[in-house]
Amino acid sequence: MKRVKSAKRTNENSPAIYRWDQVRVYVSSPRSGRQNLQDRAAAFSVAHFTGLGRLIMAGFPALKCWATLGRPLRGLCPFASAVFVSAGLAVTATAQSAQRKPSEATRPVVVLSAQSLDDLKGKLQPDNKTSELIDSAGMQLRVAVQHEKNKTGAPAELHDASDDVYYVLDGGATLVLGGKLDAPKEVEPGEWRSPRIIDGKTYEITKGDLVVVPRGTPHQRSTANKNFTMILIKIYAEPLKKKS
């Protein structure tokens, strides 16, 4: 049996492919003249790994099995090699899909009718109040109804890790958006306050208006001589902790 190196290694970590060939030997019978097979023919290939390849194959026997079986098949029969690899991928995909399942709800849904919101506005309107509509603990969301009446002097704000959405339920307000905070101070991590905004743009918002304030945007609100009620939605980068 003769060993023949059948594939050139691309680098020290790639496998060297060796092929062994046996020779068919036929001998004529002195009596009948018939030829008898004295040595059965066979040919097979083996992948031999060195260097880093040997360490990887030692830790992952499945890779060594693929290299030993799939690599020779690629040279001998491309179709058989493709079927072999495709079958392996199909088995892996099936196993992964079997392990995954949909998540489950962490809390009940909240449905508020128009009448319930009107009732809530009536309770908030005498003063400057805010009422939370959901329990936000563990969520990245806060939803509240906020009422302001003739409120001035509120500081400008900027949030590093939360977006604001306003939907005006009743009344109106003056907003200053954009620009830069003047002499900002961080009152808590990611929360900035300032007396005023430099180079911001002024907007007058009224009932039915929707405002989206992305994180990092300076914003300031005034309700001087106005009665203002809105739904405030805040979207946070991280889930909120439960209040103690």
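Please treat every number below as a calculation from the coordinates, not as lab data. The structure presented is a predicted model; accordingly, all values stated were derived computationally and were not measured. All Cβ positions, glycine included, derive from the backbone under ideal geometry; neighbour counts span all protein chains shown.
Calculated FRET efficiency, residue 206 to residue 240, Cβ-Cβ distance, R0 = 35 Å: about 0.70 to the nearest 0.05.
Fully extending the segment from residue 154 to residue 129 would add 7.6 nm, taking 0.36 nm per residue of separation and subtracting the current Cα-Cα distance.
For segment 103-210, just run the numbers: alpha carbon Rg, then divide by 2.2 N^0.38 Å, N being how many residues it has. Don't skip to the end; give the middle numbers.
Numbers: Rg = 16.3 Å, N = 108, 2.2 N^0.38 = 13.0 Å.
That ratio works out to 1.25.
Couplings 3J(HN,Hα) of segment 175-192, computed from phi: 10, 10, 10, x, x, 9, 6, 8, 6, x, 10, 8, 7, 7, x, x, 10, 10 Hz, in residue order, whole Hz [Karplus 6.51 cos²θ - 1.76 cosθ + 1.60, θ = phi - 60°; x for Gly and Pro]. Per-residue 3J(HN,Hα) values for segment 121-128, derived from phi via the Karplus relation 6.51 cos²θ - 1.76 cosθ + 1.60 with θ = phi - 60°, read 4, x, 6, 8, 4, x, 9, 7 Hz in sequence order (x marks Gly and Pro).
Could you list, in their original order, any pairs among 201/243; 180/226; 121/185; 149/185; 123/180 whose Cα atoms are separated by more than 30 Å? Violating the 30 Å limit, Cα to Cα: 201/243; 121/185; 123/180. For the pair residue 198 and residue 99, a Förster radius of 41 Å applied to the C-beta separation gives a FRET efficiency near 0.15, rounded to the nearest 0.05. Taking Cβ atoms as reference points and 13 Å as the exclusive limit, the residues near residue 240 contribute a net charge of +3, counting Lys and Arg as +1 and Asp and Glu as -1.
The local environment of residue 141, defined by Cβ-Cβ distances under 13 Å, has a net charge of -2 under the rule Lys, Arg +1 and Asp, Glu -1. Remark on residue 139: its backbone amide H falls under 5 Å from those of 240, a criterion applied only to residues 5 or more positions apart or on other chains, H modelled at 1.01 Å from N.
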